[in-house]
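Right, one structure below, let's go through it.
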Amino acid sequence: MSPRAAWALILAASAILMITMGARLTTGLFLSPINTSTGLGIASISFAMAIGQFMWGASQPVFGAVADKYGPARVIVLGAVLLAAGLAATPFVSSEWGLMLTLGILSAAGAGAGSFSILIGATAQRLPAARRPFASGFINAGGSFGQFVFAPLMQVLIAGPGWILAMLTMAATTLLTIPLAWPLRGKRAPAPSVAAAGAAPVIGIGLTEQLRQAMRDRSYLFLHAGFFTCGFHIAFLVTHLPGEVALCGLPVGVAGTALGLIGLFNIAGSLTAGALSTRYRMKNLLALMYFSRAVIIGIYLLAPKTALTFYIFAAALGFTWLATVPPTAGLVGKLFGTRYLATLFGLTLLSHQIGGFFGAWLGGLAFVRFGDFSWMWYADIALALAAALINLPIREAPVARAGALAKA
C-alpha cells in the first residue's frame, strides 16, 4: 500500500470513530433532560443506558466477524443507519422499554459497527506491522477528538434549543460515516510472508478454532479482566459525571466542558500510547495507566469540588481515558496475528462493555440508594488497582502452535 493510500485509510477510520464515539460518549448529558421530559427516574434511564453499554460491546465481535469475512465498509454503512435511527427515535419514546430499544439496542449496536474492533482490525490487515501501533493510536485519537467536539456542542444545544434538537442533530451527523467508509471497502489484503509477520495464527485455521485457542490463553483472558475495569470506569463517568457536577452545586456547563477536556487530553494520550507501544512492553503501559487512574481518583476525592478541580481531574484522567486501546489491540495482534483481529479484539471490547454495563447501571442505583456516588468512586479505585496487577503477568510473545506454520 502506498503512503497516500495508507493515510487515506487511517484518516477515514479516524473520522468514522470521531463521529461514532462522539455520539456514544455524550449520551450522559441527556440523562437529566430525558428524566425531566419523561419522569422515568434516574435508575430506569441509567439501566437503559447500561444496556447500551453492553450492546455496544456485544455487537463488536459479531460485526467484527462479518467484517473479517465480507469487508468492513458494508458493516460501517449498516452501523450508520442503525445509529442514526436509534438516536432520531429517542425523543419520540417515553417508556423504559422504548429507551432500551433506541439508546440501548439500535444506537449502541450501530455505534459498535463503526467502532474500535472493526476500524483497527481493518487497518491492521492492510498496513505493515511497523505502522500498526501508530495507526491504532491515531484512530483512537479520532474517537477522543469526537468527544472533545460533541460534548460541549451537545451541551450548548441542550441548554439552548433543547435536548430533542440536540439528539436529532447528532443523529443526522452520524450519517456522515457512510461516505467515509469508501476507503475501507473490499476484503483484507493478502497475508504477508511469515518473515514479515512475526506472530501468530495457523495457516488455514478457522475462526472457531482460533477462538477456542484464544479463550484457553491466560494472557488473553487477563487482557479481558483489565479491560472490564476500563469499561466500568468510563461508562460510570460518561453517564454520571453530569450528576456528580450537579451534586457539587456547579453549573451544568461544567460537565460538558469536563467531558470535552477528557476527549482533548486523550488525543495526546492515545498518540503517546501508540508511539510508546512500539518501544516498551505494552502490558507495562497498561498496568501504569490503570494504576494512575486509581491515584487520580483518590486525589479528586480529597480535593475541593470546584469547577477548576473538575477540569484538572478531566485533563489528568483524559490522558489515559481510551489510551488503553492501542496497547490492548496491539497485544491481541501480537498474540494471535491480524487475521481475526476484528473478532478477537471485539471480544475483548465485549468484556470492556460488560464492565461498562455495571458502571452505568450501578451508578444510577448508588445515587438512588445513597444520594451520591461515593461508593462508586471507591469501587473504581479498587478495580483500577486490580487491573494494574493483573496486566503484569501477561506474556508478550506470539502464541506458538506446535507443528504449525505461523503468519500475521
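The values are calculated or read from the model by the stated rules, or taken from the named source; none is laboratory data. Small disclaimer: the values here were computed from a predicted structure and weren't measured. All Cβ positions, even for glycine, are placed from backbone atoms using ideal geometry, and neighbour counts span all protein chains on display. Accessible surface areas use protein heavy atoms only, side chains included; no ligands, DNA or RNA. Shrake-Rupley method; radii C 1.70, N 1.55, O 1.52, S 1.80 Å.
Looking at region 355-375 only, could you name the residues that are crowded, with 20+ Cβ neighbours inside 10 Å, over 20 Å from the mean Cα position of the chain (by Cα) and in contact (Cβ under 8 Å) with a residue 24 or more places away in the chain?
Within region 355-375, Gly364, Phe373 meet the criteria.
Residue under question is Ala200, and the condition is that it be at pLDDT 90 or above and in contact with a helix residue (DSSP H, G or I) (Cβ under 9 Å, 6 or more places away or on another chain); does it hold?
no
Can you spot a residue in region 172-189 that is in contact (Cβ under 8 Å) with a residue 24 or more places away in the chain, closer than 19 Å to Leu264 by Cβ, part of a helix (DSSP H, G or I) and open to solvent by less than 10 Å² (accessible area, probe 1.4 Å)?
The answer is no; no qualifying residue exists.
Scan region 74-110 for residues that are among the β-branched types (Val, Ile, Thr), touching a residue at least 40 places away in the same chain (Cβ under 8 Å) and open to solvent by less than 10 Å² (accessible area, probe 1.4 Å) and report the count.
So the count comes out to 3.
I'm trying to understand the selection: among the residues of region 269-299, which are outside any helix (DSSP H, G or I) and either over 18 Å from Gly226 (Cα atoms) or small (Gly, Ala, Ser) (or both)? Break it down into steps so the answer makes sense when it comes.
Let us first name the residues in region 269-299 that are outside any helix (DSSP H, G or I), namely 277-281.
Across region 269-299, the qualifying residues are Ser277, Thr278, Arg279, Tyr280.
Would you check which residues across region 352-364 are in contact with a Cys (Cβ under 9 Å, 6 or more places away or on another chain) and either within 11 Å of Gln60 (Cβ to Cβ) or β-branched (Val, Ile, Thr) (or both) and list them?
Of everything in region 352-364, just one residue is in contact with a Cys (Cβ under 9 Å, 6 or more places away or on another chain) and either within 11 Å of Gln60 (Cβ to Cβ) or β-branched (Val, Ile, Thr) (or both), namely His352.
Specify the residue that is most open to solvent (accessible area, probe 1.4 Å); the eligible residues are those in region 300-354 that are assigned to a loop (DSSP other than H, G, I, E, B) and of a type in the set (Val, Ile, Thr).
As a first pass, look at region 300-354 and keep what is assigned to a loop (DSSP other than H, G, I, E, B): 303-306, 319-324, 337-340.
Right, trim to of a type in the set (Val, Ile, Thr) and you get 306, 320, 324, 338.
On the way: Thr306: 61, Thr320: 11, Thr324: 0, Thr338: 7 Å².
Among residues in region 300-354 that are assigned to a loop (DSSP other than H, G, I, E, B) and of a type in the set (Val, Ile, Thr), the one most open to solvent (accessible area, probe 1.4 Å) is Thr306.
Mind checking which residues of region 45-71 are open to solvent by less than 20 Å² (accessible area, probe 1.4 Å) and under 17 Å from Leu347 (Cβ atoms)?
Gln53, Trp56, Gly57, Ser59, Gln60, Pro61, Gly64, Ala67, Asp68, listed by residue number.
Would you check if there is a residue in region 248-265 being of a type in the set (Phe, Trp, Tyr) and part of a helix (DSSP H, G or I)?
Taking every residue of region 248-265 in turn, at least one turns out to be of a type in the set (Phe, Trp, Tyr) and part of a helix (DSSP H, G or I).
Give just the number: which of (1) open to solvent by 30 Å² or more (accessible area, probe 1.4 Å); (2) under 15 Å from the mean Cα position of the chain (by Cα); (3) at pLDDT below 90 does Thr272 not satisfy?
(2)
Checking Ser94 against (1) within 16 Å of the chain's Cα centre (by Cα); (2) hydroxyl-bearing (Ser, Thr, Tyr); (3) outside any helix (DSSP H, G or I): exactly one of these is not met. Which one?
Tallying (1) within 16 Å of the chain's Cα centre (by Cα); (2) hydroxyl-bearing (Ser, Thr, Tyr); (3) outside any helix (DSSP H, G or I), Ser94 fails exactly one: (1).
Which residues, counting only those in region 358-399, are outside any helix (DSSP H, G or I) and among the aliphatic types (A, V, I, L, M)? If you could, list the steps in order and put the result at the bottom.
Initial filter on region 358-399 (outside any helix (DSSP H, G or I)): 371-373, 392-399.
Passing the criteria: Leu392, Ile394, Ala397, Val399.
Return the pairs, sorted by first residue and then second, in which the second residue is surrounded by fewer than 22 Cβ atoms within 10 Å (Cβ to Cβ) and basic (Lys, Arg), the first residue lies in region 244-265 and is more than 16 Å from Thr27 (Cα to Cα), the beta carbons are less than 9 Å apart, and the residues are 6+ apart or on different chains.
Listed by first residue and then by second, the contacts come to Leu247/Lys305; Cys248/Lys305; Gly249/Lys305; Leu250/Lys305.
Would you confirm whether or not region 111-129 contains a residue that is touching a Gly at 6+ places or on another chain (Cβ under 7 Å), farther than 22 Å from Thr343 by Cβ, open to solvent by 10 Å² or more (accessible area, probe 1.4 Å) and in contact (Cβ under 8 Å) with a residue 24 or more places away in the chain?
no
Considering each residue of region 1-59, count those that are over 16 Å from Thr90 (Cα atoms), out of contact with any Gly (no Cβ under 9 Å at 6 or more places or on another chain) and not aliphatic (A, V, I, L, M), and give that number.
Residues meeting the conditions: 4.
In the set Gly330, Gly346, Gly337, which member is closer than 27 Å to Gly206 by Cβ and touching a strand residue (DSSP E or B) at 6+ places or on another chain (Cβ under 9 Å)?
Answer to the selection: Gly337.
Quick check on my filter: what residues within region 201-249 are surrounded by fewer than 19 Cβ atoms within 10 Å (Cβ to Cβ) and among the hydroxyl-bearing types (Ser, Thr, Tyr)?
If the condition is that a residue be surrounded by fewer than 19 Cβ atoms within 10 Å (Cβ to Cβ) and among the hydroxyl-bearing types (Ser, Thr, Tyr), then Thr208 is the only one that fits.
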